[in-house]
Amino acid sequence: MTEPLLSAHNIYVSLGGRDVLQDVSLALHPGEIVSLIGPNGAGKTTLLRTLLGLQAAHRGHVSRAPSLRLGYVPQKLNIDPLLPLTVQSFLQLWPGASASHIEGCLDITGAKHLATRPLQKLSGGEYQRVLLARALLNAPNLLVLDEPAQALDVHGQASLYELIGALARSTGCGVLVVSHDLHIVMRQTTRVICLHQHICCQGHPAEVERDPAYAALFGADAKAFALYQHHHDHHHG
């Protein structure tokens, strides 16, 4: 297997005297789509911040490949609603981004027609595509998305996940998608990691679904994953 883009080794993090992460180890590889799931308060955001270098681990360490270029799509950006920013001017805030590069990234995410629109006027799905375009400005080989489908309806979630899957296939980048919604796992997911302060179970979605630790963690909610189908799968007569 190729060298990991990013790996965590026996990570422990305490916040306010409480252990938020305990002995977490994982590795993310090129071309792999990993879904990190867990209930609210499971430590997903803390793990993400630790992997991104925004939060220090109290024990253990994170290794990043020298070639690592991260593309990060946050849950939301706090932008002053009174600031008159168009999509184009928002993306121009990225250091060194040329107009043609911005146009190309918007095109890839299906958001080229939004270039002159004010950020405040975008729908949830449009906004996510713009944030995804912003992440692509860095030409990432690891794309990290924090609850990207949270504000979207089922159709919006499906089309966003389809787009992320297509990006992963076309660029060969690794993808880490964080979600608290169990039933929404990308169809292309290589591996699901269930987190609840520690890694309870991980593996292919079908394996995790059958794992007693998954059922114990999510109880009555532990229904089957709704793996988002590619739209071609729906044309059976």
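One table, with the values for the structure above:
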{"quantity": "Complete set of residues in the stretch 40-55 that are more than 19 Å from Glu3 (Cα to Cα) and in contact (Cβ under 8 Å) with a residue 12 or more places away in the chain", "calculated": "Asn40, Ala42, Gly43, Lys44, Thr45, Thr46, Leu47, Leu48, Thr50, Gln55"}
{"quantity": "Number of positions in the stretch 159-211 that are at pLDDT 90 or above and assigned to a strand (DSSP E or B)", "calculated": "17"}
{"quantity": "Candidates Ile102, Ile79, filtered to the one that is touching a residue at least 24 places away in the same chain (Cβ under 8 Å) and in a loop (DSSP other than H, G, I, E, B)", "calculated": "Ile79"}
{"quantity": "Search result, residues across the stretch 33-56 that are surrounded by fewer than 21 Cβ atoms within 10 Å (Cβ to Cβ), among the small types (Gly, Ala, Ser) and closer than 13 Å to His198 by Cα", "calculated": "Gly41"}
{"quantity": "Hits in the stretch 8-30 (condition: open to solvent by 10 Å² or more (accessible area, probe 1.4 Å), without any contact (Cβ under 8 Å) to a residue 60 or more places away in the chain and within 19 Å of Val192 (Cβ to Cβ))", "calculated": "Ala27"}
{"quantity": "Verdict on Thr86 being under 15 Å from the mean Cα position of the chain (by Cα), of a type in the set (Val, Ile, Thr) and open to solvent by 20 Å² or more (accessible area, probe 1.4 Å)", "calculated": "no"}
{"quantity": "Among (1) under 27 Å from Leu163 (Cα atoms); (2) open to solvent by less than 70 Å² (accessible area, probe 1.4 Å) - the single one Thr2 does not satisfy", "calculated": "(2)"}
{"quantity": "Glu147 being touching an Asp or Glu at 6+ places or on another chain (Cβ under 9 Å), open to solvent by 10 Å² or more (accessible area, probe 1.4 Å) and within 21 Å of Arg187 (Cβ to Cβ)", "calculated": "yes"}
{"quantity": "Hits in the stretch 150-181 - residues which are open to solvent by less than 10 Å² (accessible area, probe 1.4 Å) and over 29 Å from Ser63 (Cβ atoms)", "calculated": "Leu160"}
{"quantity": "Restricting the stretch 112-129 to residues that are outside any helix (DSSP H, G or I) and over 16 Å from Leu152 (Cα atoms), the residue that is most open to solvent (accessible area, probe 1.4 Å)", "calculated": "Thr116"}
{"quantity": "Close pairs from the stretch 123-141: first free of Cβ contacts under 8 Å to residues at least 24 places away in the same chain, partner of a type in the set (A, V, I, L, M, F, W, C), Cβ under 6 Å, at least 6 apart", "calculated": "Glu126/Leu114"}
{"quantity": "Qualifying residue in the stretch 164-176 (condition: farther than 16 Å from Val73 by Cβ and either free of Cβ contacts under 8 Å to residues at least 60 places away in the same chain or aromatic (Phe, Trp, Tyr) (or both))", "calculated": "yes"}
{"quantity": "Residues of the stretch 140-158 classified as closer than 13 Å to Ser123 by Cβ and part of a loop (DSSP other than H, G, I, E, B), total", "calculated": "3"}
{"quantity": "Cross-chain or 6+ apart pairs with Cβ under 7 Å, the stretch 195-207 first and closer than 14 Å to Phe218 by Cα, then open to solvent by 30 Å² or more (accessible area, probe 1.4 Å) and part of a loop (DSSP other than H, G, I, E, B)", "calculated": "His196/Pro39; Cys201/Asp211"}
{"quantity": "Condition met for Ala65 (over 22 Å from the mean Cα position of the chain (by Cα), surrounded by 13 or more Cβ atoms within 10 Å (Cβ to Cβ) and not acidic (Asp, Glu))", "calculated": "no"}
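The values are calculated or read from the model by the stated rules, or taken from the named source; none is laboratory data. Here the structure is a predicted model, which means the values were calculated and not measured. FYI the Cβ positions are ideal-geometry reconstructions off the backbone, even for glycines, and counts take in every protein chain you see. Heads up: the accessible areas ignore ligands, DNA and RNA and are worked out on the full protein's heavy atoms, side chains in. Shrake-Rupley method; radii C 1.70, N 1.55, O 1.52, S 1.80 Å.
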